[in-house]
1. Given H placed 1.01 Å from N in the peptide plane, which residues other than close sequence neighbours of VAL68 have an amide H under 5 Å from its amide H?
2. Each residue of the range 53-69 in order: what ³J(HN,Hα) in whole Hz does its phi give by Karplus 6.51 cos²θ - 1.76 cosθ + 1.60, θ = phi - 60°, with x for Gly and Pro?
3. Which of ALA6, VAL23, VAL48 sits farthest toward the positive end of the charge dipole of the range 4-53, with +1 on the Cβ of Lys and Arg and -1 on the Cβ of Asp and Glu?
4. When you count, for each residue, the other Cβ atoms within 10 Å and take the mean per peptide, how do 5-14, 25-34 rank with the highest first?
5. Evaluate the charge dipole of the range 4-53 about its Cα centre and quote only its size in Debye, nearest 20, assuming +1 on the Cβ of each Lys and Arg and -1 on the Cβ of each Asp and Glu.
6. Going through the range 32-63, which trypsin sites (Lys or Arg not before Pro) have at most 16 other Cβ atoms within 10 Å and a DSSP loop state?
Amino acid sequence: MIESAAIRDMTEASAYPGKDFVVPKLYVKIHYCISCAIHAHIVRVRSVEGRRNRAPPQRFRYKDGKKVIPGQEKKN
């Protein structure tokens, strides 16, 4: 995200000697209203019945490189 010239300037102006200084990454958590999220293609439009469903989406887990759906595991 930072160009090489800016990194060089930062390392030269840094109080820490050497090149072990790493620029931290910045993570931004963004909140959208439903209509804006649909417009920005972050979420998809759901039917009227689907909108009434307040349950979180089903999570998939991976075990040994294969997708495992909780509750549908084979029981011996």
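Computed from the coordinates by the stated procedures, all read-outs in this text should not be read as laboratory data. Owing to the predicted nature of the structure, the values given are computational and were not obtained by experimental measurement. In this analysis, Cβ positions are derived from the backbone assuming ideal geometry, glycine residues included, and neighbour counts consider all displayed protein chains.
1. So VAL68 has HN proximity to ARG61, TYR62, LYS63.
2. Running phi through 6.51 cos²θ - 1.76 cosθ + 1.60 with θ = phi - 60° gives 6, 9, 5, x, x, 5, 9, 9, 10, 10, 9, 6, x, 10, 6, 10, 9 Hz.
3. It is VAL48, whose Cα lies furthest towards the positive end.
4. Highest-to-lowest ranking by the protection proxy: 5-14, 25-34.
5. For the range 4-53, the charge dipole is close to 440 debye.
6. Counting only loop positions with at most 16 other Cβ atoms within 10 Å, the trypsin sites (Lys or Arg not before Pro) in the range 32-63 are ARG44, ARG46, ARG54, ARG59.
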